[in-house]
1. Hey, which of the strands (runs of 3 or more DSSP E) in segment 53-139, taking only ones fully inside, have at least 3 residues that are in the same structural domain as His152 (by TED's automatic domain parsing) and among the hydrophobic types (A, V, I, L, M, F, W, C)?
2. Inspect all residues belonging to segment 18-35 and state whether any of them is farther than 18 Å from Ala110 by Cβ, touching a Leu at 6+ places or on another chain (Cβ under 8 Å) and at pLDDT 95 or above.
3. Give the residue that is surrounded by the fewest Cβ atoms within 10 Å (Cβ to Cβ), with candidates limited to residues of segment 93-109 that are aliphatic (A, V, I, L, M) and over 19 Å from Ser50 (Cα atoms).
4. May I ask you to say which residue of Val78, Val115 is touching a helix residue (DSSP H, G or I) at 6+ places or on another chain (Cβ under 7 Å), of a type outside the set (Phe, Trp, Tyr) and touching a residue at least 12 places away in the same chain (Cβ under 8 Å)?
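The values are calculated or read from the model by the stated rules, or taken from the named source; none is laboratory data. Since the structure is predicted, the reported quantities are computational estimates derived from the model, not experimental observations. Using ideal geometry, Cβ is built from the backbone for each residue, glycine included, and neighbour counts are taken over all protein chains shown.
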Amino acid sequence: MSLRRFRIPARAAVPIAALASVLALASPALAHVEVESDGAQALAVGAVVSFNAEGESDTAGISQIRVALPSGIAPGDVTLADGPQGWTLAPAADGYTVAGPALAPSKAAAYRIKVRQLPDAKELVFKSLVTYTDGHVDRWIELPQAGVTPEHPAPVLKLAAAAPGATPLPADPSATPATPTAAATATATGPASAPASAPAPASGSASASASAKASDSTSSSGSLPVVVTVLVVLAAAVGGVVWWRRRSAAS
């Protein structure tokens, strides 16, 4: 009898462990837009900033990325250092767009920009909208609230203190003013270096707000099969435990 008492918890743990595995697999891994720069420092001149937008779709590829520049960086002060083959950078009123031939599904869009001079700040927020060939738009524009990491965090670049004697460069008279474009409202608030809004996709694609609503609808419908699967596995686990206990009692 004592042996049975020890075996019941052990066997009951099998379906529970299986359920835990399903739950772990069911949790989707969110893609992110990451930003980094070697030796990132306030007031650094000619800094090269790297971005990596992870491709989260298995059926559509990334075709463009719109970025709202933080305060202190003018669109005319940014040039494309390198990126996917055929991609170009176009300045906008509040930032820039990098776009070109669509990438393969699930492929990350990695590119680098060169900034004339980084502003004197502790961190820079680059709110980004990633557009896919099927019209889906990922809005990476949210900032932490009360220390809680948001679901769609904006890329943030931490800066070291400026070097001794470093000063802001004078305005570049040769910089071409950006053509005004529509901007998508970003409701998240953040540091002073963060812009008040994130840019909308270029002409010809769905608006950022409409795409975001479509994304929310897709995410909700996509989570339904996961919930059903978890409930089925849970029911099977409970049924297995009940059956084994009845069989043990009968024997």
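1. Because the criterion is at least 3 residues that are in the same structural domain as His152 (by TED's automatic domain parsing) and among the hydrophobic types (A, V, I, L, M, F, W, C), the strands (runs of 3 or more DSSP E) in segment 53-139 that meet it are 62-68, 78-82, 109-117.
2. no
3. Across segment 93-109, the extreme among qualifying residues is Ala104.
4. Val115
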